[in-house]
Amino acid sequence: MPGLLIHSPPWVSSLFEHDWAPMQALIRQVRLLPPILADYLLRCSGGLVLISVGESRYVPGPGEFKSRPVQNIAFVAVTDLARDNEQPLHVLGHLADHYLGCGGESGGRWLSEGGGVTPAWQRAGARLSRLFALGYGVDQVARSNVRDYFAQSLALYCRDRRRLNIADPQIEKWLRTTLWDEAFWNRDR
């Protein structure tokens with residue numbers, strides 16, 4: 001967002017050498033995602049990722065950026081990038097959940113709610129809902145609701161896979177055999 005570092009807390013702006021540095025930090029995190037997922041999201045219509053001074057959050061539906069209408073905004077807090085925590089990936093997890101579930105459509109079923117843009121993703125989404133119901137989420141965030149279960153599990157798969165596997169081996173396997181499995185992506189094409 002315009003004026004990002006100027007409007008950031010001093011401790012944040014002191015960590016970044018130049019205005020482009022927060023974007024580089026975000027790119028480092030995005031590279032932890034499977035390339036096929038990143039490519040899929042880039043091909044989708046709508047969806048915007050903005051680095052902001054507010055808190056990290058995903059806002060589905062219509063919005064506006066620089067006086068232009070946009071759909072489905074993932075706000076990534078510059079403070080989360082400065083802390084190098086899992087929140088940026090968590091927010092991107094919501095974006096992926098929404099787009100894999102219903103192509104980012106307003107009111108559609110997200111993947112974590114049993115949706116799916118293909119029959120294979122629908123089956124995977126149904127399995128994901130059942131895994132959440134078991135209650136083994138890696139932390140309180142993951143146990144709060146099925147959307148956060150997916151997003152937090154995805155973030156921790158990227159950043160601390162061992163911790164995720166110890167707490168919830170079934171979601172670790174689900175992620176490995178779906179999002180990180182190119183053969184899975186090619187089903188139902």
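Go through (1) hydroxyl-bearing (Ser, Thr, Tyr); (2) out of contact with any Cys (no Cβ under 7 Å at 6 or more places or on another chain); (3) in a helix (DSSP H, G or I) one by one and return the number of the condition SER106 breaks.
(3) is the only condition that SER106 fails.
For region 154-173: of the residues being touching a Leu at 6+ places or on another chain (Cβ under 6 Å) and within 19 Å of LEU37 (Cβ to Cβ), which is surrounded by the fewest Cβ atoms within 10 Å (Cβ to Cβ)?
GLU172
Condition (residue is out of contact with any helix residue (DSSP H, G or I) (no Cβ under 6 Å at 6 or more places or on another chain), outside any helix (DSSP H, G or I) and at positive phi) applied to region 111-121: is it met by at least one residue?
Checked against the condition, which is being out of contact with any helix residue (DSSP H, G or I) (no Cβ under 6 Å at 6 or more places or on another chain), outside any helix (DSSP H, G or I) and at positive phi, region 111-121 yields no hits at all.
Given the criteria of a type outside the set (Ser, Thr, Tyr), farther than 22 Å from ILE27 by Cα and touching a Ser or Thr at 6+ places or on another chain (Cβ under 7 Å), does PHE184 qualify?
yes
For SER56, only one of the following conditions fails: (1) in contact with a helix residue (DSSP H, G or I) (Cβ under 6 Å, 6 or more places away or on another chain); (2) at pLDDT below 95; (3) hydroxyl-bearing (Ser, Thr, Tyr). What is its number?
Checking SER56 against (1) in contact with a helix residue (DSSP H, G or I) (Cβ under 6 Å, 6 or more places away or on another chain); (2) at pLDDT below 95; (3) hydroxyl-bearing (Ser, Thr, Tyr), the one that fails is (2).
Residue by residue through region 59-95, note down the ones that are at pLDDT below 95 and of a type in the set (Asp, Glu).
Selection gives GLU64 alone.
Would a scan of region 126-146 turn up a residue that is surrounded by fewer than 20 Cβ atoms within 10 Å (Cβ to Cβ) and within 21 Å of CYS44 (Cβ to Cβ)?
no
The values are calculated or read from the model by the stated rules, or taken from the named source; none is laboratory data. This structure is a prediction, so every number in the text was calculated from the model and none was measured. Don't worry about glycine lacking a Cβ; one is built from the backbone with ideal geometry, like all the others, and counts go over all protein chains shown.
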